């Protein structure tokens, strides 16, 4: 881990991440932090988020075609369920992650981190019709 100065901006961004369960993007975090620090720039929020991810305090959740979302790393047993329709991300606790057989990994590969994502449909989206393609 790198040693990063503990600035007011870093503390404010960290507090927003720590107190939300919505897995926000940088723009949302920026707006929330501006409540306490009105002059903070979006660039500062991005740099702070990058540092928090680099230091292992936060993780990114990335989806093709969508803004990167951020999550405070609460513990090592914290994974996600993602709704394919509305994009909502839910925290799930999984204590026992099955071990992969060594033969499944390339020779000499050492696992440093495991992230599980379960994809499906949230309760609110289960009864919604599939979106129609071009032309209806």
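Points worth noting:
- No other residue among 42, 37, 49 is surrounded by 14 or more Cβ atoms within 10 Å (Cβ to Cβ), within 21 Å of residue 7 (Cα to Cα) and free of Cβ contacts under 8 Å to residues at least 24 places away in the same chain apart from 42.
- Residue 85 vs. criteria surrounded by 13 or more Cβ atoms within 10 Å (Cβ to Cβ) and modelled with pLDDT under 80: no
- Picking from residues in segment 65-77 that are within 16 Å of residue 24 (Cα to Cα) and out of contact with any strand residue (DSSP E or B) (no Cβ under 6 Å at 6 or more places or on another chain), the one that is modelled with the highest pLDDT is 66.
- Test: residue in segment 54-67 that is without any contact (Cβ under 8 Å) to a residue 60 or more places away in the chain and in a helix (DSSP H, G or I): yes
- Residue pairs whose Cβ atoms lie under 9 Å apart, separated by 6 or more positions or on different chains, with the first residue in segment 83-102 and at positive phi and the second in a loop (DSSP other than H, G, I, E, B), are 87/63; 87/66.
- A single entry from 56, 43, 107 fulfils the requirement of being at positive phi and either outside the structural domain of residue 8 (by TED's automatic domain parsing) or out of contact with any helix residue (DSSP H, G or I) (no Cβ under 9 Å at 6 or more places or on another chain) (or both): 56.
- Test: residue in segment 90-101 that is surrounded by 11 or more Cβ atoms within 10 Å (Cβ to Cβ), under 30 Å from residue 5 (Cβ atoms), outside the structural domain of residue 7 (by TED's automatic domain parsing) and under 14 Å from the mean Cα position of the chain (by Cα): yes
- Residue satisfying all of: in segment 1-20; in a helix (DSSP H, G or I) and without any contact (Cβ under 8 Å) to a residue 40 or more places away in the chain; surrounded by the most Cβ atoms within 10 Å (Cβ to Cβ) among these: 13
- Filter result for residue 23 (at positive phi, surrounded by 15 or more Cβ atoms within 10 Å (Cβ to Cβ) and either outside the structural domain of residue 92 (by TED's automatic domain parsing) or modelled with pLDDT under 90 (or both)): yes
The values are calculated or read from the model by the stated rules, or taken from the named source; none is laboratory data. These numbers come from a predicted model, not from an experiment. Here the Cβ is made from the backbone with ideal geometry for all residues, glycine too, and neighbour counts use every protein chain on show.
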